[in-house]
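**Student:** My questions all concern the structure below.
The numbers here are math on the coordinates, done by the rules we state, and not lab data. For clarity, every value in this text was computed on a predicted model and none was experimentally measured. As a convention, Cβ positions derive from the backbone with ideal geometry for all residues, glycine included, and neighbour counts pool all protein chains shown.
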Amino acid sequence: MVAPAEETFLYIVEMIGAFAAAISGIRLAALKRFDWFGAYIVGLVTALGGGTLRDMMLGNPVFWVASLRMFLSYFIGTAISMVIVVVFSSVLVRREKALLVFDAIGLAMFTVIGLEKALTDGRPMGIAIAMGLVTGAFGGVLRDILINEEPLIFRKDIYAMASLLGGVAYWGIACMGGSAELSALGCMASCITIRMFALKYGWALPIFRPVKHQKEE
């Protein structure tokens, strides 16, 4: 069982992640000139996608279907995110850094949520880290597919790797006796820091390139 204080902490983390993810999706949909309904759907799928896949993989009821509170939190939260993007479009839509910041926040928050939910479900730490990666990154994959872009996770950017290293940071802090809240904060800080530093300094993973064979004479 999760203590009430920890449950409240995780709910706040999840809602911050949902807002950030929804804003990143709505912003990209606006750049693609989607109508308001289409932009709302992109934002909603970005927020819900990772957690939905996580629950399906763990064999649990999908969180927003099983809980009316979560259903309303995500659907209303996405509507609020839509209003925020419309009101502050000059900042959020036209500046590329806005997407990167909100995307990094959503990635970090959802990585923690995926980890915690898998651990609460009694899964080993390795599975929990994988579920953190799924929860953090898969919503962005669906977002990019919906707007007809190459998913960010498949590019050379340090994106999924930031989520994975954040999960490792959570595990390291927990092994040293840190509380769940401290481990979660360490995970989020690591994930955001790695992602933002990678963007600032151009860190990237190696790209597979086809090997060219010389024609035999």
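**Student:** Could you count how many Lys pairs in region 4-201 have their Cα atoms under 22 Å apart, skipping same-chain pairs fewer than 8 positions apart?
**Tutor:** The number of close lysine pairs in region 4-201 is 4.
**Student:** How much length would be gained if the chain were fully extended between R155 and L182, taking 0.36 nm per residue of separation minus their Cα-Cα distance, in nm to one decimal?
**Tutor:** Going from the current span to full extension adds 6.6 nm.
**Student:** Let me ask something additional. Going through region 130-193, which trypsin sites (Lys or Arg not before Pro) have at most 15 other Cβ atoms within 10 Å and a DSSP loop state?
**Tutor:** Sites meeting the loop and neighbour criteria: R155, K156.
**Student:** In nm, to one decimal, how far is the modelled label at F75 from the one at K97, with both set 7 Å along Cα→Cβ?
**Tutor:** Placing both labels 7 Å beyond Cα along the Cβ direction yields 3.8 nm.
**Student:** How big is the Rg/Rh ratio for the chain, C-alpha atoms only, Rh by Kirkwood, two decimals?
**Tutor:** 1.02
**Student:** Also, I was wondering about something else. Tell me what the chain gives for mean residue ellipticity at 222 nm when only DSSP H runs of n ≥ 4 count, each as -39,500 (n - 2.57), the sum divided by the residue total, rounded to 500 deg cm²/dmol.
**Tutor:** Per the formula, -25500 deg cm²/dmol.
**Student:** Taking the Cα centre of region 1-62 as origin, sum charge times position over the Cβ atoms of Lys and Arg (+1) and Asp and Glu (-1), and report the length of that vector in debye to the nearest 20.
**Tutor:** I would put it at about 400 debye.
**Student:** Chymotrypsin sites (Phe, Trp or Tyr not before Pro) within region 115-217: which are DSSP loop residues with at most 13 other Cβ atoms inside 10 Å?
**Tutor:** Filter output for region 115-217: F208.
**Student:** If you place +1 on the Cβ of every Lys and Arg, -1 on the Cβ of every Asp and Glu, and leave all else neutral, what size is the dipole of the chain about its Cα centre, to the nearest 20 Debye?
**Tutor:** For this selection, approximately 600 debye.
**Student:** Quick one: which residues, 5 or more positions from F34 or on another chain, have an amide H under 5 Å from its amide H? H modelled 1.01 Å from N in the peptide plane, none for Pro or chain starts.
**Tutor:** Sorted by chain and number, the residues that satisfy this come to none at all.
**Student:** Using each residue's phi in region 166-179, evaluate 6.51 cos²θ - 1.76 cosθ + 1.60 at θ = phi - 60° and report the 3J(HN,Hα) Karplus result to the nearest Hz, with x for Gly and Pro.
**Tutor:** Values, residue by residue: x, x, 5, 4, 4, 4, x, 5, 5, 5, 8, x, x, 5 Hz.
**Student:** Could you tell me what fraction of 2.2 N^0.38 Å the Cα radius of gyration of region 20-104 comes to, as a two-decimal ratio?
**Tutor:** 1.13
**Student:** Further question: Could you give each residue of region 63-73 its phi-based ³J(HN,Hα) in whole Hz, using Karplus coefficients 6.51, -1.76, 1.60 with θ = phi - 60°, and x for Gly or Pro?
**Tutor:** These are the phi-based 3J(HN,Hα) values: 4, 7, 8, 7, 10, 5, 4, 5, 4, 5, 4 Hz.
**Student:** Let me ask another. Extension gain E6-M125, at 0.36 nm per residue separation less the Cα-Cα distance, in nm?
**Tutor:** 41.0 nm
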